[in-house]
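Undergrad: Here it is, the structure, as structure tokens.
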Amino acid sequence: MKENLSKTYVAEKTALHTHTAHKESHREAIMKIALSGIMAAFIIVATQLRVPTGIGYANLGDGVILFSASILGPITFFPAAIGSAVADLLAGYPIYIPATFLIKGMMGLVSGKILHREDLTFLRKIAAFFLAEIIMIAGYFAYESLPFMYGMKAAAGSVIPNLAQAAVGIALALLLISLLGRFRMNIRSKLFAK
């Protein structure tokens, strides 16, 4: 009899633990979705702070994408892709939406994959940021080189403004991570609790 009560207690305790773990998992998923939406909105706003170039514009959105990657990890693909594509629509550049969705999404995915660690060294940040910005510069150069866009010669003209945008994006991301480091760690501990 005592053995049966003990087994029942263990079974109930295990079921309660499983239910609680499922609830926590569900809560974390909702928080990730909500934070992704907030980051997408920040990316839209930062991308609206722009400087026109010959065939497009340079903006502050990359800095927010890179900062988001340090919090959300690889799922930054979604806020980066959606926020940046919506910003292109709002800016009157609908022809860039498909390219922007893929390029900025890949920036978020790749940098998020590299930054998705607790021990964020300066070297790891720089490597992630440079790789993400290479994706941006090469991606837009390739897209703008297409025959239905501007061609290779005109696309080459966007490399320098994109390099400047990359430098500003890296500097902004480093600044945000430095200023909001405690916020970043607090959010990450809630999103990725073990």
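The values are calculated or read from the model by the stated rules, or taken from the named source; none is laboratory data. Note that the coordinates shown come from a computational prediction; the quantities given were computed from them, not determined experimentally. Using ideal geometry, Cβ is built from the backbone for each residue, glycine included, and neighbour counts are taken over all protein chains shown. We work out accessible area using only protein heavy atoms, side chains counted, and drop any ligands, DNA or RNA first. Shrake-Rupley method; radii C 1.70, N 1.55, O 1.52, S 1.80 Å.
Undergrad: Filter segment 71-94 down to residues that are surrounded by fewer than 18 Cβ atoms within 10 Å (Cβ to Cβ) and not aromatic (Phe, Trp, Tyr) and give me whichever is nearest to residue 34 (Cα to Cα).
TA: 74
Undergrad: Something else: Only one residue in 175, 131 is closer than 26 Å to residue 52 by Cβ, part of a helix (DSSP H, G or I) and modelled with pLDDT of 90 or more. Which one?
TA: Result of the check over 175, 131: 175.
Undergrad: Moving on to the next point. Determine, yes or no, whether residue 126 is β-branched (Val, Ile, Thr), open to solvent by less than 50 Å² (accessible area, probe 1.4 Å) and closer than 18 Å to residue 75 by Cα.
TA: no
Undergrad: Taking the stated definitions as given, is residue 90 hydrophobic (A, V, I, L, M, F, W, C) and in contact (Cβ under 8 Å) with a residue 60 or more places away in the chain?
TA: Numbers: hydrophobic (A, V, I, L, M, F, W, C): yes; in contact (Cβ under 8 Å) with a residue 60 or more places away in the chain: no.
No.
Undergrad: Name every residue in segment 32-59 that is among the aromatic types (Phe, Trp, Tyr) and either open to solvent by less than 20 Å² (accessible area, probe 1.4 Å) or more than 21 Å from residue 187 (Cα to Cα) (or both), in order of residue number.
TA: Listed by number, the list holds a single entry, 57.
Undergrad: If you take the residues of segment 95-123 that are more than 16 Å from residue 141 (Cα to Cα) and of a type in the set (D, E, K, R), which of them is least open to solvent (accessible area, probe 1.4 Å)?
TA: Result: 119.
Undergrad: Under 8 Å between Cβ atoms, at least 6 apart or on separate chains: pull out the pairs that start in segment 119-142 with a residue that is free of Cβ contacts under 8 Å to residues at least 40 places away in the same chain and over 27 Å from residue 88 (Cβ atoms) and end on any residue that is open to solvent by 70 Å² or more (accessible area, probe 1.4 Å) and among the charged types (D, E, K, R).
TA: 124/117
Undergrad: Now, a different point. Filter segment 139-178 for residues that are polar (S, T, N, Q) and touching a strand residue (DSSP E or B) at 6+ places or on another chain (Cβ under 6 Å) and give the result.
TA: Listed by number, the list holds a single entry, 165.
Undergrad: I would also like to ask the following. Please verify whether residue 97 is in a helix (DSSP H, G or I), in contact (Cβ under 8 Å) with a residue 12 or more places away in the chain and under 30 Å from residue 189 (Cα atoms), treating the condition exactly as stated.
TA: Taking the combined requirement at face value, the residue does not satisfy it.
Undergrad: As an exercise: evaluate residue 62 against (1) open to solvent by 10 Å² or more (accessible area, probe 1.4 Å); (2) charged (D, E, K, R); (3) closer than 28 Å to residue 148 by Cα; (4) touching a residue at least 60 places away in the same chain (Cβ under 8 Å) and give the number of the one condition it does not meet.
TA: In the conditions (1) open to solvent by 10 Å² or more (accessible area, probe 1.4 Å); (2) charged (D, E, K, R); (3) closer than 28 Å to residue 148 by Cα; (4) touching a residue at least 60 places away in the same chain (Cβ under 8 Å), residue 62 misses (1) alone.
Undergrad: Given the conditions (1) within 19 Å of residue 37 (Cα to Cα); (2) in contact (Cβ under 8 Å) with a residue 12 or more places away in the chain, which single one is not true for residue 57?
TA: If we test residue 57 against (1) within 19 Å of residue 37 (Cα to Cα); (2) in contact (Cβ under 8 Å) with a residue 12 or more places away in the chain, just (1) comes out false.
Undergrad: Still on this structure: What are the pairs, 6+ residues apart or on separate chains, where a residue within segment 172-194 that is farther than 20 Å from residue 47 by Cβ and of a type in the set (Ser, Thr, Tyr) has its Cβ under 8 Å from a residue that is in a helix (DSSP H, G or I) and at pLDDT 80 or above?
TA: none
Undergrad: Do we find a residue being touching a residue at least 40 places away in the same chain (Cβ under 8 Å) and more than 12 Å from the chain's Cα centre (by Cα) anywhere in segment 107-116?
TA: no
Undergrad: Follow-up. Scan segment 138-169 residue by residue and report those that are assigned to a helix (DSSP H, G or I) and surrounded by 18 or more Cβ atoms within 10 Å (Cβ to Cβ).
TA: Answer for segment 138-169, where residues must be assigned to a helix (DSSP H, G or I) and surrounded by 18 or more Cβ atoms within 10 Å (Cβ to Cβ): 139, 140, 143, 144, 155, 161, 162, 165, 166, 169.
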